[in-house]
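None of the figures in this text is laboratory data; all of them are computed from the coordinates on show. Just so we're clear, the structure is a prediction, and the values are computed from it rather than from any experiment. Note: ideal-geometry Cβ built from the backbone for every residue, glycine included; neighbour counts use all protein chains shown.
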Amino acid sequence: LTRQAQLKQALEQDELVVYYQPRVCGRTGELTSLEALARWRHPSCGVMQPDDFIPVAEETGLIIPLGEQVINKVCDQLVQWRAEGVPLVPVSVNVSARQINSGSVSAVIAAALERCGIAPDLIEVEITESATVGESVVASAELATLQTMGSRLYVDDFGTGYSSLSQLRRLDMHGIKVDRSFTAQLTDGPQDLALFRAIVSMAHAIDMQVVAEGVESAEQLALLQGLGCDEMQGYYISPPVPASDVLLMLQKRH
Ligand code: G
Ligand code: G
Ligand code: MN
Ligand code: NA
């Protein structure tokens, strides 16, 4: 079987699972959101990471049904957590350029929310910078629809692509998720710190929230707090975890 055929079968046989990585408030450290990250529970290879199957899904177009499954699994999960009686936090879903340009993402999200009785502000959408720069009519319309529905939009891996802040402002993005390479460089020297400070300052000037990704140490966390970074995510806070672990986190909050 080719990788493509295996992945197609995996989607049919429901082998995809969603892990969740916490995002916390920069000031209080409180849980603010969860990033949904797909995993493939392969019958013989064990749990496979996205790097091993997302590129194949992208090339073959299987990212469309895969994305639809992820969104529906996330909404089902929110229903389950709600049934446990814990206050919910939004879940942030990754959407690729190909998905957004398919023109079906907003309808897929709207249908899943409707099916599950979930409020639109419980789903956030992360799209990579490269998906925003094309100025594709379809992508812009999709983003506008999601925005109107009430789902917050974030630019993922910010700083690795070529989007301008004016473009992001026009697209009404709620915030940027600064690529983890910038976080990794924070402690390299004053200029690296200054670079991050400039990103925070520019984003805030146009009312965009800043999420730092890839926070791996207490030192990085403290520096980011000093820069006024709004939210943090990374292994130092928590790796992506299964849904059962999230329930414990949600319960601990109250
Ligand atoms: O989970 P991990 O950190 O290994 O994710 C690696 C990459 O795979 C990240 O860029 C992430 O955005 C992407 N990814 C993970 N899950 C999904 C998904 O459900 N849809 C899309 N489009 N990308 C995903
Ligand atoms: O492209 P995106 O931001 O969606 O990718 C998320 C990916 O980053 C996931 O694969 C996740 O496992 C990984 N990740 C999350 N936190 C950290 C971290 O602190 N350090 C590193 N190196 N990777 C991280
Ligand atoms: Mn992401
Ligand atoms: Na990212």
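Okay, residues lined up against (1) touching an Asp or Glu at 6+ places or on another chain (Cβ under 7 Å); (2) acidic (Asp, Glu); (3) within 14 Å of ligand 1 (Cβ to nearest atom); (4) within 26 Å of TYR235 (Cα to Cα):
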{"position": "GLY26", "(1), (2), (3), (4)": "yes, no, no, yes"}
{"position": "LEU31", "(1), (2), (3), (4)": "no, no, no, yes"}
{"position": "ARG39", "(1), (2), (3), (4)": "no, no, yes, yes"}
{"position": "ILE54", "(1), (2), (3), (4)": "no, no, yes, yes"}
{"position": "GLY85", "(1), (2), (3), (4)": "no, no, no, no"}
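Out of the residues in segment 179-211 that are under 16 Å from GLU129 (Cβ atoms) and in contact with a Cys (Cβ under 8 Å, 6 or more places away or on another chain), state the one that is nearest to ligand 3 (Cβ to nearest atom).
Here the residue is VAL211.
Is segment 161-170 home to any residue that is within 19 Å of THR32 (Cβ to Cβ) and touching a residue at least 12 places away in the same chain (Cβ under 8 Å)? It would help to see each step written out before you state the result.
Of segment 161-170, the ones within 19 Å of THR32 (Cβ to Cβ) are none.
No, the conditions are met nowhere in segment 161-170.
Find the residue count for segment 210-237, including only residues that are within 16 Å of ligand 1 (Cβ to nearest atom), touching a strand residue (DSSP E or B) at 6+ places or on another chain (Cβ under 7 Å) and over 18 Å from VAL93 (Cβ atoms). Quick ask: steps written out before the conclusion?
Taking segment 210-237 as the starting set, the residues that turn out to be within 16 Å of ligand 1 (Cβ to nearest atom) are 211-216, 232-237.
Pick out the ones that are also touching a strand residue (DSSP E or B) at 6+ places or on another chain (Cβ under 7 Å) and you get 211-213, 215, 232-233, 237.
Imposing the further condition that a residue be over 18 Å from VAL93 (Cβ atoms) reduces the set to 212, 215, 232, 237.
Residues meeting the conditions: 4.
Please go through segment 144-191 and pick out each residue that is in contact with a helix residue (DSSP H, G or I) (Cβ under 7 Å, 6 or more places away or on another chain), more than 15 Å from VAL215 (Cα to Cα) and part of a helix (DSSP H, G or I).
Across segment 144-191, the qualifying residues are THR145, LEU146, MET149, LEU165, GLN167, LEU168.
Within segment 132-148, take every residue that is exposed (fewer than 15 other Cβ atoms within 10 Å of the Cβ) and in contact (Cβ under 8 Å) with a residue 12 or more places away in the chain and give me the one that is nearest to ligand 4 (Cβ to nearest atom). Let's see the steps before the verdict.
As a first pass, look at segment 132-148 and keep what is exposed (fewer than 15 other Cβ atoms within 10 Å of the Cβ): 134-135, 137-138, 141, 144, 148.
Now drop any that are not in contact (Cβ under 8 Å) with a residue 12 or more places away in the chain, which leaves 134-135, 138, 141, 144.
Values: GLY134: 18, GLU135: 21, VAL138: 23, ALA141: 24, ALA144: 23 Å.
So the residue we want is GLY134.
What is the residue count in segment 211-229 for residues that are touching a Gly at 6+ places or on another chain (Cβ under 6 Å) and surrounded by fewer than 20 Cβ atoms within 10 Å (Cβ to Cβ)?
Of the residues in that region, 3 qualify.
Could we say that SER163 is under 20 Å from ALA203 (Cα atoms) and small (Gly, Ala, Ser) here? Walk me through it before giving the result.
On the way: under 20 Å from ALA203 (Cα atoms): yes; small (Gly, Ala, Ser): yes.
Yes.
Can you name the residue in segment 1-16 that is crowded, with 16+ Cβ neighbours inside 10 Å and aliphatic (A, V, I, L, M) and, of all such residues, is nearest to ligand 1 (Cβ to nearest atom)?
Here the residue is LEU16.
For ALA203, are the conditions met, namely being under 20 Å from the mean Cα position of the chain (by Cα), within 16 Å of ligand 1 (Cβ to nearest atom) and assigned to a helix (DSSP H, G or I)? Walk me through how you get there before you give the answer.
On the way: under 20 Å from the mean Cα position of the chain (by Cα): yes; within 16 Å of ligand 1 (Cβ to nearest atom): no; assigned to a helix (DSSP H, G or I): yes.
So ALA203 does not fit the description; no.
Taking VAL79, is it touching a residue at least 24 places away in the same chain (Cβ under 8 Å), away from ligand 2 (no atom under 16 Å from the Cβ), in a loop (DSSP other than H, G, I, E, B) and at negative phi? Reasoning before the result, please.
On the way: touching a residue at least 24 places away in the same chain (Cβ under 8 Å): yes; away from ligand 2 (no atom under 16 Å from the Cβ): yes; in a loop (DSSP other than H, G, I, E, B): no; at negative phi: yes.
So VAL79 fails the test.
Of the residues that sit in segment 54-72 and are farther than 15 Å from ALA119 by Cα and within 16 Å of ligand 3 (Cβ to nearest atom), which one is surrounded by the fewest Cβ atoms within 10 Å (Cβ to Cβ)? Full working, then the answer.
Let us first name the residues in segment 54-72 that are farther than 15 Å from ALA119 by Cα, namely 54-70.
Subsequent filtering for residues that are within 16 Å of ligand 3 (Cβ to nearest atom) retains 54-55, 57-58, 63, 66-67, 70.
Numbers: ILE54: 19, PRO55: 12, ALA57: 26, GLU58: 16, ILE63: 23, LEU66: 26, GLY67: 24, VAL70: 23.
Residue satisfying both the conditions and the ranking: PRO55.
Would you check which residues across segment 43-76 are within 16 Å of ligand 2 (Cβ to nearest atom), within 17 Å of GLN6 (Cβ to Cβ) and either under 19 Å from the mean Cα position of the chain (by Cα) or of a type in the set (Ser, Thr, Tyr) (or both) and list them?
Residues satisfying the conditions are MET48, GLN49, PRO50, ASP51, ASP52, PHE53, ILE54, PRO55, ALA57, GLU58, ILE63, LEU66.
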